[in-house]
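Have a look at the structure below, then the notes.
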Amino acid sequence: DQPRQDSPGETPEAVLHRVFGHPGFRGRQEEIIRHVMAGGSGLVLMPTGGGKSLCYQVPALCRPGLGVVVSPLIALMEDQVAALRQQGIAAAALHSDLPEEQAREVRRELAQGALKLLYVSPERLLLDGTLDFLARRPLALFAIDEAHCVSQWGHHFRPEYRGLGLLAERFPAVPRLALTATADPRTVEDIRAQLGLSDSPVFRGGFDRPNIQIAAAPRESERGQLRAFIKAASDGTGAGIVYCGSRARTEQTTAWLQADGHDALCFHAGMEPAAKREAHRRFARGDAVIMAATIAFGMGIDRPDVRWVAHLDLPRSPESWYQEIGRAGRDGLPARALLLYGAGDIALARHRILESPAPEEQKRIERARLEAMVSIAEAATCRRRILLRCFGEDGPEHCGACDVCRSPPRLFDGTVPAQKLLSAVLRTGRRFGVGHLVDVLRGRVTDKVAQFGHDRLPTFGIGKDLSDQAWRGVARQLVAMGALDVAIENHGELVPTEAARPILKGEQQVMLRAETLREAAPRERAGR
Ligand code: ADP
Ligand code: ZN
């Protein structure tokens, strides 16, 4: 017999097989779907690629009435609707970019009860006309996708999401399923409170993505490091994403990648809407492209064969990093992620938080997130385990698929080099950046050293045993540790903090990664 487009009464398993062609449910999908089928509401925390969509699509198709999906991004809605229509499901999107003629058609289909799934922007949904209309129709469920947009603690706060709280009052009998990839406890509680889900269960899915190999490294030669990574990570057909900390950097990166012969695209929030759509379209089309983007590029990427994700600047939080690297390897095949970072990134991010006009409480949280991110970047034990702990999950002791597990760093008692560097900072009057301090430690009489008489300091030349690069590494780890601050507002001079005192006094041991302290090569040791 002919498969019907819409068969209320069909079981979730049947819909899973017939419509989506999957042999079985994954993780907690089945449990969540059963809960919603029984009329329950809840919050789903699952990482990107975890399979959140099925959690509302399947019950929407099985339950009588219309499934209403709130989504913050037009591109995301369009992608989902196109995919569903291809599978023969009567889905449509309603948002402000829709030409009036098409909007009329959607409303006509709605009035006829011809739609099974309606994707709608929060502003559209919250119009009196829309709510009144929905109140007169049988509804299967409300799904609130990207639910972290409701929270000011997240980085994606959207004021229009706040209004969604009224769904609980206006539609008490309709199940509401909120979904997000964010698992930060504070944000989770905020989502539940805002959306009236405080008494409903939270379903936390598996955050581990074992097919993504993760690595982080101090930024030494950005282009060289990225070139080597791309060479190792790309398979010639899949896509790659380079996340950059600023719009200007996406443009510079696109330019040099293109000069290298890559099909590189650029994406950031400052681009014209048409250019953004075009970039999205090129990326979605399936070519072997590299997207150099700010975090504005993200939601709605449903390309399964992103083979790698690189970050040229430190992400704001483990949640951001996880969400961004989670765009790789959705097909389950091996994928890679590389994070490059520098002491300057860490100091700049700390400084930005300090200077932001946000309330103290929020600054404290952002600072905690940043410090968690720094600890992942500077990890001396399994990087994945540290990352998963940020989501309340205990990974295995050694994942075997991160750079730390694959080549464990030897730790080294770095107390003496740390003291030497800190004392050089103090002796030179806390007024110099890392370059000059390295000159002093290595015993190089540069013009600046001579000008300040720093060749007469007792610290002059006491650091000949380590390379320039090693000294920069020591400085970076001391910054990461919080013993040194980088004065961003001035000239990047290194300034000791309270935490430097016990190190200088020999009361605190400093463990540094051994590769940081690799000895100066003989040629280099001879000095210049
Ligand atoms: P999320 O919204 O959580 O980022 P998606 O819902 O887009 O994730 O699902 C990610 C991918 O996993 C999609 O390609 C989807 O087809 C696939 N998927 C989801 N559930 C299953 C399942 N039960 N079996 C096989 N593949 C699945
Ligand atoms: Zn590991």
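Coordinate-derived values only; no laboratory data. Just so it is clear, the structure is predicted and the values come from calculations on it, not from any experiment. Cβ placement follows ideal geometry from the backbone for every residue including glycine, while neighbour counts extend to all protein chains displayed.
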Could I have the simple spin-label model distance between LEU166 and LYS505, label points 7 Å from Cα toward Cβ, reported in nm to one decimal?
-> 6.1 nm
What is the distance, in nm, between label points placed 7 Å from the Cα along the Cα-to-Cβ direction at GLU278 and at GLN86?
-> 2.4 nm
Give me the number: length gained by fully extending GLU397 to HIS17, i.e. 0.36 nm times residue separation minus the C-alpha to C-alpha distance, one decimal in nm.
-> 133.1 nm
Relative contact order of the chain, pairs being alpha-carbon contacts under 8 Å that are 6 or more residues apart, as % = 12 percent
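So what is the calculated 222 nm ellipticity per residue for the chain, using -39500 (n - 2.57) for each DSSP H run with n of 4 or more, over all residues, to the nearest 500 deg cm²/dmol?
About -11500 deg cm²/dmol.
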Amide H neighbours of GLN213 under 5 Å, counting only residues 5+ apart in sequence or on other chains, H built in-plane at 1.01 Å?
-> ALA335, ARG336, ALA337
Amide H of LEU94: which non-local residues (sequence gap of 5 or more, or other chain) have their own amide H closer than 5 Å, using H built in the peptide plane?
-> TYR119, VAL120, SER121
Which of the peptides 79-86, 370-377 is most tightly packed, and how do the rest follow, going by the mean number of other Cβ atoms within 10 Å of each residue?
-> 370-377, 79-86
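Treating only the Cβ atoms of Lys and Arg (+1) and Asp and Glu (-1) as charged, compute the dipole magnitude of the chain about its Cα centre; round to the nearest 20 debye.
On the way: 70 positive and 65 negative charges, 232 e Å.
In total the dipole reaches around 1120 debye.
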Which of the listed residues, MET481, VAL374, LEU84, is farthest toward the dipole's positive end in the chain, when Lys, Arg count +1 and Asp, Glu count -1 at the beta-carbon?
-> MET481
Tell me, what ³J(HN,Hα) does each residue in segment 37-51 have, in order and in whole Hz, if you take phi through Karplus 6.51 cos²θ - 1.76 cosθ + 1.60 with θ = phi - 60° and put x for Gly and Pro?
-> 4, 7, x, x, 9, x, 10, 9, 10, 9, x, 4, x, x, x
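I'm checking a number: the convex hull volume of the Cα atoms of the chain, normalised per residue, in Å³. What is it? List each step's numbers first, then the result.
Details: hull volume 89.1 nm³, N = 528.
Expressed per residue, the convex hull around the Cα atoms of the chain is 169 Å³.
In percent, what relative contact order does segment 208-303 have, based on Cα pairs under 8 Å that are 6 or more apart in sequence? Numbers along the way, then the final one.
Numbers: 103 pairs, mean separation 31.9, N = 96.
Contact order relative to length: 33 percent.
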Each label point is 7 Å from the Cα along the Cα-to-Cβ direction; what then is the distance between the points at LEU457 and GLU222, in nm?
-> 2.9 nm
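Percent relative contact order of segment 100-226, based on C-alpha pairs within less than 8 angstrom and at least six residues apart?
Over segment 100-226, the number comes to 21 percent.
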Quick one: which of 20-28, 135-143 comes out on top by average Cβ neighbours within 10 Å, and what's the full order, highest first?
-> 135-143, 20-28
Ordering of 429-437, 451-459, 327-335 by packing [mean C-beta count within 10 Å, highest first] | 327-335, 429-437, 451-459
Hey, can you grab everything whose amide H is under 5 Å from the amide H of ILE241? Only 5+ residues off in sequence or another chain; H modelled, so Pro and N-termini drop out.
-> MET291, TRP308, VAL309, ALA310
Give a residue-ordered list of calculated ³J(HN,Hα) values for segment 421-427 (Karplus: 6.51 cos²θ - 1.76 cosθ + 1.60, θ = phi - 60°; whole Hz; x for Gly, Pro).
-> 5, 4, 6, 4, 4, 5, 5
If the convex hull of the alpha-carbon atoms of segment 84-182 is projected onto planes in all directions, what is the mean projected area in square nanometres?
-> 7.1 nm²
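With the cut-off at 22 Å, tell me which of the pairs LYS116/LYS276; LYS448/LYS505; LYS52/LYS116 have Cα atoms farther apart than that.
Going by Cα-Cα distance, LYS116/LYS276; LYS448/LYS505 fall outside the 22 Å limit.
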Karplus-derived 3J(HN,Hα) from phi for segment 379-386 (6.51 cos²θ - 1.76 cosθ + 1.60, θ = phi - 60°), whole Hz, x at Gly and Pro, runs 4, 10, 10, 2, 5, 5, 5, 5
